[in-house]
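Data block below; observations after.
The values are calculated or read from the model by the stated rules, or taken from the named source; none is laboratory data. Remember, predicted model here, so these are calculated numbers, not experimental data. Cβ atoms come from the backbone with ideal geometry, glycine included; neighbour counts cover every protein chain shown. Heavy atoms of the whole protein, side chains included, go into the accessibility calculation; ligands, DNA and RNA do not. Shrake-Rupley method; radii C 1.70, N 1.55, O 1.52, S 1.80 Å.
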Amino acid sequence: MACALGIEALALREARPVRTGMGPARAERAMRETLRARAHAPSALVFAGLGASVVTGIRPGDVVIATEVRDDRGVVEAVTSTSIQAALKETGLTVHHGVLHSSDHVVRGPERVRLAESGVTCVDMETAAVCRAAPGVPVLSVRVVVDTPEYELVRPATLVHGVRALRALKQVGTVLATWHPNVSVD
């Protein structure tokens, strides 16, 4: 289990995540170092945290499980799990599936539209890099939406939506603390 930011690690603390740092370079470096320090390669990895929806109809606090992870270099991963979706829904969370695009910057405005038109549902800055750092290891990406096309980060509602997203991420952490991806990844 891993995440990028300290605030994500705090919300996910029940699952005891490894913190990689923000952005693709930090995430890839930290994941390579973490995997190198282990005696055995993991059978699967969960990368969780906050993300941004690029499509309408997804609200802050909703969860997106990636069906595919890509970045500007191409597709790097496609792992999903129906068991984690069911477990998250049991806690009352709204769960969506879709393509996750990892960017090296915060995505706004027209770029969101372009990504949505290409089939992307959600964006983050680290998952593709984590997948590249762990070749051959299935990576399940679980993102809680903090901003959407209707509610971008620069708006006054960001504080309210951020709190909602962090509460949902804490619920995700509670589920992930007892869920075992090496048994349940589909």
Quiz item: Looking at Val95, Val55, which is the one that is of a type in the set (A, V, I, L, M), in contact with a helix residue (DSSP H, G or I) (Cβ under 9 Å, 6 or more places away or on another chain) and surrounded by fewer than 18 Cβ atoms within 10 Å (Cβ to Cβ)?
Solution: Val95
Quiz item: Val99 is checked against (1) within 14 Å of the chain's Cα centre (by Cα); (2) modelled with pLDDT under 95 and fails just one. What number does that condition carry?
Solution: (2)
Exercise. Might you let me know whether region 132-153 holds any residue that is part of a helix (DSSP H, G or I) and closer than 17 Å to Val69 by Cα?
Key: yes
Quiz item: Under 7 Å by Cβ, and 6 or more places apart or on different chains, what pairs join a residue from region 87-109 that is closer than 15 Å to Asp62 by Cβ and touching a residue at least 12 places away in the same chain (Cβ under 8 Å) with one that is open to solvent by 70 Å² or more (accessible area, probe 1.4 Å) and of a type outside the set (A, V, I, L, M, F, W, C)?
Solution: Val95/Lys89
Quiz item: Restricting the search to region 79-92, which residues are open to solvent by less than 70 Å² (accessible area, probe 1.4 Å) and not polar (S, T, N, Q)?
Solution: Val79, Ile84, Ala86, Ala87, Leu88, Gly92
Practice problem: Look at region 46-78 and say how many of its residues are assigned to a loop (DSSP other than H, G, I, E, B) and farther than 12 Å from Leu140 by Cα. | Solution: 11
Practice problem: Output the residues belonging to region 2-47 that are open to solvent by 40 Å² or more (accessible area, probe 1.4 Å) and at positive phi. | Solution: Arg16
Self-check item: Residue in region 32-50 that is closer than 19 Å to Gly162 by Cα and of a type in the set (Val, Ile, Thr) present
Solution: no
